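Read the structure below first, then the notes.
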Number of protein chains: 2
Amino acid sequence: MDMNIDLYPSRVSSAASIKERKDPIIHSNGEGPLNQLELQSYEENGYLMKEKLFTDEEVKLMTEELEKTMKDNQSKDTADVIKEPGSNEIRSVFEIHKDSGFFEMLAKNERIVKIAEQLLGSQVYINQSRINFKPGFKGKEFYWHSDFETWHVEDGMQHMRAVSCSIILTDNYEFNGPLMLIPGSHKWYVSCAGATPDDNFKSSLQKQEAGTPDNESLSWLTEKAGGRIDRATGPAGSVLFFESNTMHGSNGNLSPYPRSNVFFVFNSIKNKIGKPYSGQKPRPEFLANRDNNKAIEAVPSNSLVGKQEVN
Amino acid sequence: MDMNIDLYPSRVSSAASIKERKDPIIHSNGEGPLNQLELQSYEENGYLMKEKLFTDEEVKLMTEELEKTMKDNQSKDTADVIKEPGSNEIRSVFEIHKDSGFFEMLAKNERIVKIAEQLLGSQVYINQSRINFKPGFKGKEFYWHSDFETWHVEDGMQHMRAVSCSIILTDNYEFNGPLMLIPGSHKWYVSCAGATPDDNFKSSLQKQEAGTPDNESLSWLTEKAGGRIDRATGPAGSVLFFESNTMHGSNGNLSPYPRSNVFFVFNSIKNKIGKPYSGQKPRPEFLANRDNNKAIEAVPSNSLVGKQEVN
C-alpha cells in the first residue's frame, strides 16, 4: 500500500464536497483513564470535556508560567509568536513543550497523556503545542475549520489519529468566546474548494482563508447534529479533548474576561507526518513537529506542583 | 428649569466617567400587563424577556412581511437601508412603522404598547423603528453601547424614559449571536470620551466609534453585576423589552442560523426629543422621529392575524 495515498483530498477542486471518515474515531479497546460512558461520548460528539482535571493550585501555577512566557515573548517578532489582527497583543506562543521547563513537564503529565494514548491506541508524541490568550473586549473570532484538514493538506498527516487537548486556564462562559463545536462533525470530511497559497501559514494563523469549509457543508453538518452547536464552557482547570477532524470555531470576546489555555496536539506515533498532500514545502517545525517526535514517556500526575515546590 | 439642561453629558471630555442615573427606571405605579415580579426584574436587570408573546402563526406572518420588506429594499441605496460591512447583504431597514400597512399595525399592537406605557408611565410614541436581519455565517458583532447615550447626545433626548422592544422572529440560541446585556448597567451612565464627528450616523450604524464606552467602565459595570453578562435567548415570538440605557452588544453569528427581529423604540410623549446635546444638526427623521410623534392609540391584540385573514 502506498504510504502516501491521499485518503482525504481537499483544495483540489473548485467545488466543495463531504465524504465519510475513513478512520476509526477511537483507535483502541484498551484500558485507560476514560470510562465507557466517556468514550461513547467522545465517539459520538467528537469531543470530551473533563471538568477540573487540574486543581486550582495547578491552574494558578500554569497561569503564572503562561503569563511569564507571554511577557518574555511580547517584544519578539518571530513566526512562532502570533499577534492579534490589527494590534500588538499576543494571541499565541508556539512550541512551548520544548521549553525544557514547566510546559515540557506539563506536556508529559500522565493525566493528559494516558487519555491521548487511550483514544489513539498507541504511544503518542506532540505534533504541535501552544499557549493561547484571547483578550477581553477585543479578542477576535476564529471561523469554522477542521484542524485535520490543514494538518493533512499542509503537513501530510495521513490518518485521523490525533487529538487536541486544551487545558482551560480561565473560566469559560457562554459570553467570553468559548470554543464552539459541531457535535458529530468528526465523522465527515469536508473537502474544501480552492488551492493552498504558498506560505499559507503566515496569514492563516490569524485568519484562515484556504481550507475554509463552505456554507452548504456547515449547514449540513449542523442539521445532522439536530441543530446543535456545543460550547466548551466550564471552570478553569477543565480539559477539552477534541478529535482532529471535529469542526470548531469561536466567537469574538466582547466581555471584560480574557480567556487563556494551553494547547497540545497529540498524534499517534503510527501516524507521523510526511510530505504535504498539497505538494508544497512543509510548514515550519513549530507548527508540525518532524524532527522531534519521539514517543512521550508520561510523568506522574503529581509532578507539576511537586517539581515546583522542590525548586 | 431649563428644558434643555444636560443631565447626562458625554463626549465632552478626553476622559470617560461613570455617573449615577438621574431618572426613575419604572415611571409609573399604574396598572398594566406586567405583574410585580416582572416589574421588579426589569427594574433590577434593565430588561425583561416575555416568552412567546406572539404565537407561531403571528411570527410566520411577521417573517413573511419582514422578508418582503427586505426584498423590496434589496436594491435600494438609501440611508435608511443598512448593509453589512463589506457586503451587500441587508442588515436593517428603518422606519417600518410608517409603512401604512402591516408594521404600522404591529407597532400599535396593545400587547407591546400597553407594556411600554406601563414602564414609561405615560402615553408613548415611536422614536425609531427597524427590522434587523443578522445572516448566518457572516453576521458581524456589534460592540457594547447604551442606546440612550446616542439618543441623548445626537438626538437631544433629555431623560431616560424610553424602552426598546425587540420582537424576536427566529429562535435565539447561545450560538447565533444573541443580544448580550450587562444586567444593572442601566442604573449608571457612562460618559464617553471624545467628540462626535459630523454625520456620525453614516458610519455608526455599521460600526460605532463615538459613544463607545471605555474598558474600565465596562469592567466596572460587569463586576457590579457579579460577573454576569446575560444573553437574550429564547424561542421565536418572544419579546425583549430593554431600558434605553442598558449596556448591550452582540457577538458575530458564525452559525448557519440567521437571526431576525422587529425593533421599536417607544419613547414617552413627555420625553420628546429636542436639540442634540452635541450642538450638531439633528440626525435624520428615520433615526429619530420629530415630525411624526403623536401618542399611539393601541389596537386590539388580535388585530394582526385578524386583519390578514380579511384581506
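The values are calculated or read from the model by the stated rules, or taken from the named source; none is laboratory data. The shown structure was predicted, so the numbers you read here are calculated from the model rather than taken from an experiment. All Cβ positions, even for glycine, are placed from backbone atoms using ideal geometry, and neighbour counts span all protein chains on display.
Quick notes
- With respect to the conditions (1) within 30 Å of B:S75 (Cα to Cα); (2) in contact with a strand residue (DSSP E or B) (Cβ under 8 Å, 6 or more places away or on another chain); (3) hydroxyl-bearing (S, T, Y), B:S122 lacks only one, and its number is (1).
- The set of residues in the stretch B:122-152 being more than 14 Å from chain A (Cβ to nearest Cβ) and within 26 Å of B:S191 (Cα to Cα) consists of B:I126, B:N127, B:Q128, B:S129, B:S146, B:D147, B:F148, B:E149, B:T150, B:W151, B:H152.
- Count of residues meeting criterion [more than 13 Å from A:I126 (Cβ to Cβ) and either without any contact (Cβ under 8 Å) to a residue 60 or more places away in the chain or not charged (D, E, K, R) (or both)] in the stretch A:152-165: 7
- All positions within the stretch B:182-202 that are hydroxyl-bearing (S, T, Y) and either modelled with pLDDT of 95 or more or within 18 Å of the chain's Cα centre (by Cα) (or both): B:S185, B:Y189, B:S191
- Residue within the stretch B:233-249 that is touching a Pro at 6+ places or on another chain (Cβ under 9 Å), modelled with pLDDT of 95 or more and surrounded by fewer than 22 Cβ atoms within 10 Å (Cβ to Cβ) present: yes
- Counted as qualifying within the stretch A:153-259 are the strands (runs of 3 or more DSSP E) with 2 or more residues that are within 14 Å of chain B (Cβ to nearest Cβ) and closer than 27 Å to B:T222 by Cα, namely A:179-181, A:248-250.
- Residue match in the stretch B:126-133 (condition: at pLDDT below 95 and more than 23 Å from B:G32 (Cβ to Cβ)): yes
- Meets criteria (of a type outside the set (V, I, T), touching a residue at least 24 places away in the same chain (Cβ under 8 Å) and under 21 Å from A:N292 (Cβ atoms)) for A:Y125: yes
- Test for B:S219: is it surrounded by 15 or more Cβ atoms within 10 Å (Cβ to Cβ) and in contact with a Pro (Cβ under 6 Å, 6 or more places away or on another chain): yes
- Here A:V299 qualifies as away from chain B (no Cβ under 14 Å), surrounded by fewer than 23 Cβ atoms within 10 Å (Cβ to Cβ) and in contact with a Lys or Arg (Cβ under 9 Å, 6 or more places away or on another chain).
- Any hit, the stretch A:145-162, residues being in contact with a Lys or Arg (Cβ under 7 Å, 6 or more places away or on another chain), surrounded by fewer than 24 Cβ atoms within 10 Å (Cβ to Cβ) and either at positive phi or of a type in the set (A, V, I, L, M, F, W, C) (or both): yes
- Within the stretch A:222-281, the residues that satisfy the criterion of being among the hydrophobic types (A, V, I, L, M, F, W, C) and more than 24 Å from B:G252 (Cα to Cα) are A:A236, A:V239, A:F241, A:V262, A:F263, A:F264, A:V265, A:F266, A:I269, A:I273.
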